[in-house]
Amino acid sequence: MIKRLDISTYEAINENFNNFYNSNLELDKPSRKLTEVASQLDMNDLSGTVEKFKGFSTEEIIDYLVFNHHYYLTKKLPELQQSILHVFGHEDVSNLLKTLAMFFGKYQKSLISHIKMEENVFFPMAKDLASSSKEQMSKTKKWTSFIEFLGNHDPIEDELKKVNLIIKEAVKDIKVPFAYSVFMNQIDLFELDLKRHAIIEDEVLLPRVEAML
């Protein structure tokens, strides 16, 4: 079950994304209207999610997801890595905390691999399907590509949730330094950001692609 989110949590997630969106003038950006719809998703109530995106093309949704990937790779993950370095810089940080920080580092590698798979396999296939007539791609080729994607499409946001829970359980009786508290807060926000990303991908994009097969 998703923990109930308050307004301040949504505001923090959206403010971080909007600052990145507005400050990167050189990037190809997704529709501003689409990003606004995405930012208003209520993860406490997902009813009507598909309908909210009916006015956007498959290509627009993919562009939004790709932009999110860029945001994660160039903004969120470097910030988390910097926080990990701050944790390691404290002499009073126990070996347990250092091990847990390194545990998250391994998760980063999984996330990067996941992103590469989507951008190299799934998104190009989805765009080809959206722009091709049924005669242009054989049914065998379409299903083969889709099944290959599903076989490698792991719920990366669930993996982060598990990492987050393991870390919190391990340190619940330990007095942690401020740097580690900052690190944990960043993970909380990143987990929720990834959850929203996954909802759009799994509840909106995947059914569209399957319908085109």
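Structure notes:
- Candidates in the range 84-93 are the residues that are touching a helix residue (DSSP H, G or I) at 6+ places or on another chain (Cβ under 9 Å) and at pLDDT below 80; of these, the one that is surrounded by the fewest Cβ atoms within 10 Å (Cβ to Cβ) is 89.
- Checking residue 11 against (1) surrounded by fewer than 16 Cβ atoms within 10 Å (Cβ to Cβ); (2) modelled with pLDDT of 90 or more; (3) not hydroxyl-bearing (Ser, Thr, Tyr), the condition it does not meet: (2)
- Matching residues in the range 36-57 - criterion: being in contact (Cβ under 8 Å) with a residue 12 or more places away in the chain, in a helix (DSSP H, G or I) and surrounded by fewer than 19 Cβ atoms within 10 Å (Cβ to Cβ): 37, 39, 49, 50, 52
- Filter pass, residue 104 being out of contact with any Ser or Thr (no Cβ under 6 Å at 6 or more places or on another chain), among the aromatic types (Phe, Trp, Tyr) and at pLDDT 80 or above: yes
- Only residues that are charged (D, E, K, R) and within 23 Å of residue 206 (Cβ to Cβ) were counted in the range 77-122, giving 3.
- Any hit, the range 146-168, residues being exposed (fewer than 15 other Cβ atoms within 10 Å of the Cβ), modelled with pLDDT of 85 or more and either assigned to a helix (DSSP H, G or I) or of a type in the set (A, V, I, L, M) (or both): yes
- Unique match (being of a type outside the set (Asp, Glu), farther than 25 Å from residue 166 by Cα and modelled with pLDDT under 75) among 116, 127, 139: 139
The values are calculated or read from the model by the stated rules, or taken from the named source; none is laboratory data. Just so it is clear, the structure is predicted and the values come from calculations on it, not from any experiment. Cβ atoms come from the backbone with ideal geometry, glycine included; neighbour counts cover every protein chain shown.
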